[in-house]
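Reading through the structure tokens given below for one structure.
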Amino acid sequence: MQAKDVLADGFGRIEDLVRRAVEGADDTALTRRLDPDANTLAWLAWHIAREQDGQIAPLAGTEQVWTSRGWSTRFALPFDDSAIGYGHTSDEVAQVVAPAELLLGYLADATAASLAYVERLADDDLDVVVDESWNPPVTLGVRLVSVLGDAFEHAGQAAYLRGVLDRTAR
């Protein structure tokens with residue numbers, strides 16, 4: 001197995017995890033918070049896609065699907081197109097309101113772009129330094145694992161939140 005196969009498997013799992021957490025959730029569930037500052041399902045799903053899209057597109061040398069495929073217009077969020085959710089305040093989290101189909105559609109596009117990029121990689125590419133502002137400098141392999149780690153962490157939060165919401169809705 002090559003490194004790109006491992007990365008593709010990881011990126012391929014994100015969409016399924018998020019789909020299970022979001023699919024079938026109504027607008028109330030998608031925007032419900034466990035406490036006044038907690039993330040919502042809508043924000044978590046949007047952020048997972050934005051973070052993946054926002055970090056992979058520059059590595060791939062492509063425009064983010066957020067803008068190139070019109071997702072920014074469809075979501076019509078009150079943020080700059082460069083916003084990926086990192087550092088969002090509680091008020092900004094609450095502004096991410098979108099139906100499950102829109103959230104999952106964008107995630108599917110972001111995932112497809114990530115998989116297309118990973119498919120082009122050779123093992124030696126993962127040693128290329130992509131960010132010298134860190135000590136040690138960040139290689140492509142480390143950056144991709146970081147994107148995956150963030151996505152899995154937030155997908156786990158979404159799964160937990162969906163379980164709590166489903167149990168407390170009874």
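The values are calculated or read from the model by the stated rules, or taken from the named source; none is laboratory data. Keep in mind the model is a prediction, meaning the values are calculated, not measured. All Cβ positions, even for glycine, are placed from backbone atoms using ideal geometry, and neighbour counts span all protein chains on display. Ligands, DNA and RNA are excluded from the accessible area calculation, which covers all protein heavy atoms including side chains. Shrake-Rupley method; radii C 1.70, N 1.55, O 1.52, S 1.80 Å.
Of all the listed residues (GLN55, GLN157), the sole one being part of a helix (DSSP H, G or I), open to solvent by 20 Å² or more (accessible area, probe 1.4 Å), of a type in the set (S, T, N, Q) and under 18 Å from LEU41 (Cβ atoms) is GLN157. Condition first: farther than 21 Å from GLN2 by Cβ and either open to solvent by less than 20 Å² (accessible area, probe 1.4 Å) or assigned to a helix (DSSP H, G or I) (or both). Can you find one or more residues in region 110-118 that meet it? Scanning region 110-118 turns up at least one residue that is farther than 21 Å from GLN2 by Cβ and either open to solvent by less than 20 Å² (accessible area, probe 1.4 Å) or assigned to a helix (DSSP H, G or I) (or both). Residue under question is ASP81, and the condition is that it be at pLDDT 95 or above, part of a loop (DSSP other than H, G, I, E, B) and of a type in the set (D, E, K, R); does it hold? Against the criterion (at pLDDT 95 or above, part of a loop (DSSP other than H, G, I, E, B) and of a type in the set (D, E, K, R)), ASP81 qualifies. Of everything in region 58-91 that is out of contact with any Asp or Glu (no Cβ under 9 Å at 6 or more places or on another chain) and at positive phi, the residue that is surrounded by the most Cβ atoms within 10 Å (Cβ to Cβ) is GLY70.
Looking only at region 121-134, decide whether some residue is surrounded by fewer than 17 Cβ atoms within 10 Å (Cβ to Cβ), under 16 Å from GLN52 (Cβ atoms) and not aliphatic (A, V, I, L, M). Checking region 121-134: not a single residue is surrounded by fewer than 17 Cβ atoms within 10 Å (Cβ to Cβ), under 16 Å from GLN52 (Cβ atoms) and not aliphatic (A, V, I, L, M). Within region 111-122, residues that are over 13 Å from VAL65 (Cα atoms) have Cβ atoms under 7 Å from residues that are of a type in the set (D, E, K, R) and open to solvent by 10 Å² or more (accessible area, probe 1.4 Å) in these pairs: VAL118/LYS4; GLU119/LYS4; LEU121/LYS4, counting only partners at least 6 apart in sequence or on another chain. Reported count of residues in region 4-43, each being under 20 Å from ALA112 (Cβ atoms) and assigned to a helix (DSSP H, G or I), is 19.
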